[in-house]
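Working notes, beginning with the structure itself.
The values are calculated or read from the model by the stated rules, or taken from the named source; none is laboratory data. Keep in mind that this is a model prediction, so the values were computed, not measured. Neighbour counts are summed over all protein chains in view; Cβ atoms, including those assigned to glycine, are modelled from backbone coordinates with ideal geometry.
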Amino acid sequence: MANAANIVENAGRTTDFICVAGNTFTKGDICWFGTARLLSGASTTNGTFAGIVAADKEANDGALRVSCHTQGIFDCVVSHGFSAGDYVTLSGQNLLSGCGTTKNPKCVGLALENGTAGSRAEIAVGYY
C-alpha cells in the first residue's frame with residue numbers, strides 16, 4: 001500500500017489483536033480498536049489507536065490474530081501539516097494530521113519532525 005507506515009526504528013514491541021477471519025490487513029496499516037481487543041481497519045478514525053500492522057493478513061486465511069507494532073519510530077504519510085512535537089492522528093486511510101499538543105486516545109504518536117501535506121514524516125509511537 002502506497003500510504004503504509006514504514007519502520008525506521010523498531011523497538012521490538014508487538015501485540016497480538018483479535019480480528020475477523022474475513023478481514024484483510026496490510027503490513028504498515030495504522031489500525032484502531034473496534035471493541036475490546038478486536039482490531040479495526042485503517043480507514044476508520046472511530047476508536048482508540050491500537051498499533052501498526054507488522055505483517056500481511058489475507059482475508060479468509062484462517063488467522064484470527066494480527067500482530068501490531070505498539071512502539072517504534074515510523075515514516076508516515078501526512079495529509080494535513082503539523083509541527084515537530086505535535087501529537088498526530090489518523091485523517092484518512094494511513095494518512096496523519098496534527099491533533100495539537102494535548103494527548104488523547106485518538107493520537108497515533110508524536111511528530112519528530114515537521115510534516116507538510118503529501119510528504120512523509122517520522123512519528124514516535126508508544127514513547128509518550
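Structural remarks
- For region 64-85, taking the residues that are crowded, with 16+ Cβ neighbours inside 10 Å, among the hydrophobic types (A, V, I, L, M, F, W, C) and free of Cβ contacts under 8 Å to residues at least 60 places away in the same chain, the one that is farthest from residue 19 (Cα to Cα) is identified as 82.
Matching residues to (1) modelled with pLDDT of 90 or more; (2) surrounded by fewer than 22 Cβ atoms within 10 Å (Cβ to Cβ):
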{"position": "26", "(1), (2)": "yes, yes"}
{"position": "29", "(1), (2)": "yes, no"}
{"position": "34", "(1), (2)": "no, yes"}
{"position": "37", "(1), (2)": "no, yes"}
{"position": "40", "(1), (2)": "no, yes"}
{"position": "46", "(1), (2)": "no, yes"}
{"position": "56", "(1), (2)": "yes, yes"}
{"position": "61", "(1), (2)": "yes, yes"}
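- Residues being touching a Cys at 6+ places or on another chain (Cβ under 9 Å) and in a loop (DSSP other than H, G, I, E, B) - total across region 111-128: 1
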